[in-house]
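Have a look at the structure below, then the notes.
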Amino acid sequence: MDRLKHQSHTQVRRVAFVLTALSFALTTLAAHASASAEPWVSTKTKAFHESSIARVAGDAKPTSTATAITEKVSITVALKPHNEAQLDQQVAFTQSGGARQFLTPEQFANNYGATQQDIAKVIAHLRKAGYSDITVSPNRLFITATGTAAGVKNAFNTTLKGYQKAGRNVYVNTSDAQVPKSLSNIVDGVLGLQTAVTAHTYHHVVSNAAVAKASASQVAADVIKPNTTTPVVGLHDPLDFGIIYGNTPNYLYQAWRTTVGVISWGNVDDVAADLNLLTTQHNLAQIPVTVVNVGTASHTVNDLEWQLDSQAIVGASGGLVKGIIFYNASDIPTNNNILLAMNKVVTDNKVKVVNMSFGEPEGDETYRNAENVIFKQGVLQGITFSASAGDAGAYEDAGGAPVSHTSVSLPATSPYVVSVGGTELSTIGATTYASETTWNEGLSWDQNLGANRIWSTGGGNSAYEPAPSWQPSSLTGSTYRAIPDIAFDASGASGAIIYYHGSQYGVGGTSLASPIFVGLWSRIESGHNNALGFPITNFYKYFPTATTAGLHDVTTGNNGYTGYPSFAAKKGWDATTGFGSFNDLSLYHYVGSQPTWQ
């Protein structure tokens, strides 16, 4: 009987254990079911439509119905800043000249980076979807990870579709990138889900053959003769710009205190050697050049752009900057790759002025928001970003082919970036300023575009960025951000002679104009102990009435083609050349005379 009792109690305990385990299992399944049933919420990353592919890739054809699920897909999750309203208030306060002390990267991260708890939630979601190599940026604004197209489906509820564009395989997301509702207040968007749209540089090689090297004798024949006594248009040595726009011998006034940055991509191995050819030619000290490669992909593609940037910066700086740091993205300048290079600038906090001689149509909201947060951090840390306004005239979206509507490019449209347009420069001799007009070389055939396109300064009104408070609509005629802010030489007829792989080229484009500004502003920064912040708010505050700031108001020309909408130069600010160019020495003294100029 006792034995039967013992067996009965044992059976009861076993049944109880089974029931408890079953209850736990059902509870767990219910929890998982609840998690999987959590509604998806769209982020700022929208579907990439077929019409967009046709526009950016011409006759691009799908390579398959979907990208292979094993293909590597590197993504960056853009997080919403913590205390974003406070961030915007502090940026506005700093831009107005109210802040006399800049933040450190650590202070920015502590004040405005995503919280550790929120970051942990996103990381857990990515790991569950199969992502690896997960890294959080030092400012806690971005999370990078590596996965597959299957991981994209699991993490963001969208699929990728493959295309061929200009001989390379690209992919795009077929629907909005989404996240579970519990992450919707943390995640702003996802970069890396499309590789079809890439940035392009804004230089224009002006040798007889667009790609062929110009011999030194060919280029030298176009150089302005030093004894000319009437205004002429001709190519310039980069060191000329420091005198033309500086009105003083270069050696008297240089940017020796200021380190500048350049956002680049691909192979920049020969940039320092070519820069040394320029400085040696003028018996100048060699400029320290540092390359910070960003991203794990290859850095093999060559581009004349980076030689142009560095040599124009050094020339306009008077022949000396403290150093140049290239923040160098991987070969393909996708939004994801470029963004990581931009972010490295602000988290490193080693440069004072940054050149960006590239752009793209401004429609990608995730990219636009993400880069704006980076540029806001730059404002708070006292870093000035400068961007070329473009070489497609008023028709950025169409690649310069005249169309019935106007468009502009980012990053130049960001209200936290100096937008630099282009002029054609006339001088007396090689180095005495005479005048400028709006840069517009008219239409010519573009083999890559397969159409006639215009070569002219970018300019116009953003379709997305509201006008900042410091850019009144009474001045621009628009309630949206209007560009450019200022302008410098960009014409192929009056461009720069630079070294590229040891040979000389004549080059124009707003890719020349922006680094000229960077070099000039670096001189002013050095003269003020690198204490100046974002300058454009003060440009709009003072330039409309300034009489001693050394402004060269450009009042002739336009950035369009007959019969199509565009913008024309006029007295004061306009959407072709902004406030025009300036005499650097005059502006340096003007800044020092204004106690409220930060």
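So here's what we get for this one:
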item	result
Length added when fully stretched, residue 444-residue 89, from 0.36 nm per residue minus Cα-Cα	123.2 nm
Full-stretch length increase - residue 594, residue 120 - with 0.36 nm per residue and alpha-carbon distance subtracted	165.9 nm
Amide H within-cut-off set for residue 45, under 5 Å, with H built and near neighbours excluded	177, 190
Cross-link reach list, aspartates and glutamates versus residue 128, counting only Cα pairs under 19 Å and skipping chain neighbours closer than eight places	38, 71, 118
Spin-label model distance (nm) - residue 285 vs residue 185, 7 Å beyond Cα toward Cβ	5.4 nm
Tensor-based shape of region 226-287 (alpha-carbon gyration tensor, a/c under 1.5 rounded, otherwise prolate or oblate)	prolate
Cut-off under 5 Å, modelled amide H: who pairs with residue 425 long-range	490, 491, 494
Spacing of the two label points (7 Å from each Cα toward its C-beta) at residue 169 and residue 302, in nm	2.8 nm
In degrees, nearest ten, helix 584-593 long axis to first principal axis of the chain (Cα)	70 degrees
Cα-centred dipole magnitude for the chain, charges only on beta-carbon of K, R (+1) and D, E (-1), debye, nearest 20	2200 debye
Exposure proxy order (Cβ contacts within 10 Å, fewest to most) of 464, 480, 505	464, 480, 505
Over the chain: helical MRE at 222 nm, DSSP H runs n ≥ 4 each giving -39500 (n - 2.57), nearest 500	-10000 deg cm²/dmol
Whole-number Å³ per residue for the convex hull built on Cα positions in region 284-426	137 Å³
For the chain, projected area of the alpha-carbon convex hull averaged over all directions, nm²	31.5 nm²
Under the Karplus curve 6.51 cos²θ - 1.76 cosθ + 1.60, θ = phi - 60°, whole-Hz ³J(HN,Hα) for region 134-145, x wherever Gly or Pro sits	7, 9, 9, 5, x, 8, 6, 9, 9, 10, 9, 7
Residue 96-residue 68 pseudo-label distance in nm [points 7 Å out on the Cα-to-Cβ vector]	5.8 nm
Over region 50-191: Rg over Rh, Cα atoms, Kirkwood Rh	1.08
Cα centroid separation - region 503-559 against region 239-278, whole Å	15 Å
Prolate/oblate/rounded call for region 465-569, Cα gyration tensor, a/c under 1.5 rounded	oblate
Reference-scaled alpha-carbon Rg (2.2 N^0.38 Å with N residues) for region 431-509	1.45
Extended-chain gain in nm, criterion 0.36 nm per residue less alpha-carbon gap, residue 474 and residue 531	17.4 nm
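Readers should treat all values here as calculations from the given coordinates under stated rules, not as data from a laboratory. In this text the structure is predicted, and so the values were computed from the model without any measurement. Every residue, glycine among them, receives a Cβ derived from its backbone with ideal geometry; neighbour counts consider all protein chains shown.
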